[in-house]
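The values are calculated or read from the model by the stated rules, or taken from the named source; none is laboratory data. As the structure is a prediction and not an experimental result, all values here were calculated from the model. Cβ: placed from backbone, ideal geometry, glycine included. Neighbour counts: every protein chain shown. Heads up: the accessible areas ignore ligands, DNA and RNA and are worked out on the full protein's heavy atoms, side chains in. Shrake-Rupley method; radii C 1.70, N 1.55, O 1.52, S 1.80 Å.
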Amino acid sequence: MYEDFLSDRLAELRMQRGISARDMSLTLGQANNYINTIENKKSLPSMQSFFYICEFFGITPQEFFDTGNSNPKLLKEFIQEAKKLDNESFSHLLGIMKALNKSK
């Protein structure tokens, strides 16, 4: 069960980033098939390697496991930018977000 989640989430985040499994493996300093073996459920990363994977995506381990957050890096960036807004701008943005969510 957890092996499926880890491999599926890794593939989801990697594809969002637009990088091949081979390139990601090499960027992490691993063999060219390292990420492939994880995504194909043939192995699991060590804790240290898992932390490197999270660092690669610019997310925390908590964000990696947050299934309600399909794009943790963008959400983090959004929140950082939203914190810079004044109250009026923030209220306008919140109104836009609510309207967009209603239209779904």
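A few remarks follow.
- The stretch 1-99 - percent of accessible surface contributed by carbon and sulfur, probe 1.4 Å: 55 percent
- Rounded to whole Hz, the Karplus (6.51, -1.76, 1.60) HN-Hα couplings of the stretch 61-72, x for glycine and proline: x, 4, 5, 4, 8, 7, 5, x, 10, 6, 9, x
- Helix 87-102 axis, angle to the chain major axis (alpha carbon atoms, nearest 10°): 70 degrees
- Annotation for the stretch 65-104 versus the stretch 1-64: alpha-carbon center distance of 26 Å.
- Net charge of neighbours whose Cβ lies under 10 Å from the Cβ of Asn32, counting Lys and Arg as +1 and Asp and Glu as -1: 0
- Reach of Lys76 by Cα under 14 Å, taken over aspartates and glutamates that are not fewer than 8 positions away in the same chain: Glu55, Glu63, Asp66
- Rounded accessible area per residue of the chain, 1.4 Å, Å²: 70 Å²
- When the trypsin sites (Lys or Arg not before Pro) in the stretch 1-43 are filtered for DSSP coil states and for at most 14 other beta-carbon atoms within 10 Å of their beta-carbon, the remaining sites are Lys41, Lys42.
- With 28 Å as the limit, the listed pairs Lys41/Lys102; Lys83/Lys104; Lys41/Lys104 have Lys41/Lys102; Lys41/Lys104 beyond it between alpha carbons.
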